[in-house]
Amino acid sequence: MSEAAIPAPAPPGFDLKRHLIIRVTLFACLICILASAVIFDQAARRIREHVQRSGATIEQLIARELDDERPSFDRRFDQLQFSMLSELGLLLKLCITVQDIYGSDPFTRCFGTEEARAPDWVTAVLHRWIGDEARYAGLIRRYPGIKVGEFLLNTDVESESAEVWSQLQLVLAITVGVLLVNLLVYLPVRRALRPTDRILDTIGRLEAGDLSARMPRPKLIELRRIAEGFDHLAERLQRTDRRQRQLAQRLLSVREEERRRLARELHDEFGQSLTSIRAEASMVAEDAGDKMPELQPSLTAIGRMTGDMMENLQRILHQLRPVALEEFGLHASLEQLVSSARRARPGCEVSLSVAGEVDDLPDDLTASLYRITQEGLNNALRHAEPQRIDITLTRDESGLHLAIIDDGAGGHRDTRGSGLGVLGMTERVEALGGRFSMTPRAPNGMTVDACFPKRAAEPEEDWDDPSVAGR
């Protein structure tokens, strides 16, 4: 026999709202990071270019200022005003460090503007991004070309970082604006998709068997059309299911009626015939007496066989339609069934517990409960060798619940039984709108559960009422 095809796993779900807000947020953050990197890179390129291009010019300006002031050879460079460098240094945001030829302490002066300071991390990132390339080392000469010192030209990182920080603030403002737009888009999308939770809840109710569940009517046109189409299919499914249940219930009724008719025919025809044969055999045996003794063994055998046939006929009649089920009700019939099981298996303790009124149930439900109990009990006794069997029948506001629990060997169920079998029990329960299950117990045993809804205990004609069918 070929193996059953294994269904492919369902693809992972896609949460539109979550993906929308995550993707737009990631896009905004990515744009912010890229724009910030571009700002730092452009600033670093500009600074390195300015330093390299301005080095020679600044060297000439320093030499001219020295010539104009005509300082002595021992004059300290910190006394210089660098008036010619002020405008250029202010424009390029430069810092200059000078040292004379005598090895005195170097003197540093920065020409940057006094702007608002940038955060320390901006200054650190810009300084690292610029690197060591933004430097220019030159000589300080005095006419006629005498070297009097050295200078080192680099950028005023704090002033440059303030300008970079102002550009980063603009980028951050744009990023925040994009995130706000994302939020403004997310809110109406979430509001439009909010009915999906109720839609999923309705689908869950349908999966649980509540065919009366109906979809909400969302404002979103696409979801509304889906809900309307789904409700149409659910209504058709509900009507089809109701017709199938009615048909299955009718078939059960016909089968029980046929069993009742067959039991009546067997009782009336075969029962009377066997009784007549047994009476005739007794009369012949009495008339023969001592005249024909050779006939006595045959006549005795006929009487014995007739008696066995009558006992078998009574057993068959009881299986077809228990007399107690019609005359005394379901509770008494179950008590008789349990008593017979105790007599058949003295070593097994069989208990019956009935809660609620069960003798006023419809014939179909009564017959199904009796047949399921009979099949479950017979299967346990024949194949499980249990030490204890507990039968519980409960009727409450939610419906009826039949449970048969044994402590025998697991996996023992025979689907043939008395002709009903697991398939037949399932059909009986489902025809009345219930649920049937057989569950192995740990470490041994089996649990047979049959749950019937409240509507199963109501008259059959009430099932056509949608208000009743939906319960």
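Summarising the amide proton neighbourhood of residue 155: residues at separation of 5 or more, or on other chains, whose placed amide H is nearer than 5 Å comprise 95.
Legend: residues 41, 406, 120, sorted from most to least accessible area (1.4 Å probe; ligands, DNA and RNA excluded), read 120, 41, 406.
Here the spin labels are modelled as points 7 Å beyond Cα on the Cα-Cβ line, and at residue 255 and residue 117 they lie 9.2 nm apart.
Mind giving me the FRET efficiency for residue 282 and residue 316? R0 is 22 Å, r the Cβ-Cβ distance, nearest 0.05 is fine. Let's see the in-between values first.
Working: r = 24 Å, r/R0 = 1.09.
Efficiency, from the Cβ-Cβ distance: 0.35.
A Förster radius of 41 Å, combined with the Cβ-Cβ distance separating residue 194 from residue 26, puts the computed FRET efficiency at roughly 0.95. Mind giving me the nanometre distance, one decimal, between the label points for residue 102 and residue 332, set 7 Å out from Cα along Cα→Cβ? Modelled inter-label distance: 13.5 nm.
Amide hydrogen proximity for residue 352: with H placed 1.01 Å from N in the peptide plane, the residues at 5 or more positions away or on another chain lying under 5 Å are 391.
Rounded to the nearest 20 debye, the dipole magnitude of segment 181-287 is 1460 debye, with +1 charges on Lys and Arg beta carbons, -1 on Asp and Glu beta carbons, and the Cα centre as origin.
Ranked by solvent-accessible area (1.4 Å probe, protein heavy atoms only, all chains present), the residues 129, 165, 121 order from largest to smallest as 121, 129, 165. Between the amide H of residue 140 and those of 148, 149, 150, 151, distances stay under 5 Å, these residues lying 5 or more places away or on another chain, with hydrogens modeled in the peptide plane.
Highest mean first, how do 191-197, 445-451 rank when packing is the count of other Cβ atoms within 10 Å averaged over residues?
Details: 191-197: 14.9, 445-451: 20.7.
Taking the mean over residues of other Cβ atoms within 10 Å, the ranking is 445-451, 191-197.
Taking all protein chains as they are arranged and a probe of 1.4 Å, the heavy atoms of residue 102 leave approximately 150 Å² accessible to solvent. Taken about its Cα centre, segment 190-240 carries a charge dipole of roughly 320 debye when the Cβ of each Lys and Arg holds +1 and the Cβ of each Asp and Glu holds -1.
Considering only 309, 348, 281, the residue lying farthest towards the positive end of the dipole of segment 225-354 is 348, judged by Cα position with unit charges set on Cβ.
Whenever you get a sec, line up 40, 270 from highest to lowest accessible area (probe 1.4 Å, protein heavy atoms).
Working: 40 10, 270 120 Å².
These residues rank, largest area first, as 270, 40.
By a 1.4 Å probe calculation restricted to protein chains, residue 127 has an accessible surface near 110 Å², given to the nearest 10.
The values are calculated or read from the model by the stated rules, or taken from the named source; none is laboratory data. Please read all numbers here as calculations on a predicted model, not as lab measurements. With ideal geometry, Cβ positions are generated from the backbone for all residues, glycine too; neighbour counts draw on all protein chains shown. Accessible surface areas use protein heavy atoms only, side chains included; no ligands, DNA or RNA. Shrake-Rupley method; radii C 1.70, N 1.55, O 1.52, S 1.80 Å.
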